[in-house]
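**Q** Mind looking over this structure? Questions follow.
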Amino acid sequence: MSNSNNRQFPLRASYRSDAIDVVCVIVILAYFLYFALPSLAGGFNDDEMMNMYYYWALGALKSLWANICFWKGIYRPAGALHRFEIVRIVMAAPGFGCGLQHPV
């Protein structure tokens, strides 16, 4: 009777496979960072704050409804989804959200 725990595994092939995996992960990470890091310095365009105020004044429900009824003529309704997320992140950051007040 043989015990299944006594199997012999080739150790050299296992190390070679791990080394290939590590090299592949490093190459993919370097490729990603090569293109992603310069985008962090991008900042906002001139009209980004105007658009964020426009969607904020419009309201969340009306902006979401504009994505369904896109023929209603609301300017770039899909941008509202992105801009609401930016406002949520900025409002959550301490010290950055103090100047943002919801329009009356």
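The values are calculated or read from the model by the stated rules, or taken from the named source; none is laboratory data. Note that this is a predicted model, so its numbers are computed, not measured. Counting neighbours? That spans all protein chains shown, and the Cβs are built from the backbone with ideal geometry, glycine included.
**Q** Name the pairs: first residue in segment 53-66 and closer than 12 Å to R83 by Cβ, second residue of a type in the set (A, V, I, L, M) and not in a helix (DSSP H, G or I), Cβ to Cβ under 8 Å, at least 6 apart or on different chains?
**A** L58/I74; S63/I74
**Q** Sort through S39, S63 and tell me the only one that's exposed (fewer than 10 other Cβ atoms within 10 Å of the Cβ), small (G, A, S), part of a helix (DSSP H, G or I) and at pLDDT below 85. Reasoning before the result, please.
**A** Details: S63 fails: exposed (fewer than 10 other Cβ atoms within 10 Å of the Cβ).
Exactly one of S39, S63 is exposed (fewer than 10 other Cβ atoms within 10 Å of the Cβ), small (G, A, S), part of a helix (DSSP H, G or I) and at pLDDT below 85, namely S39.
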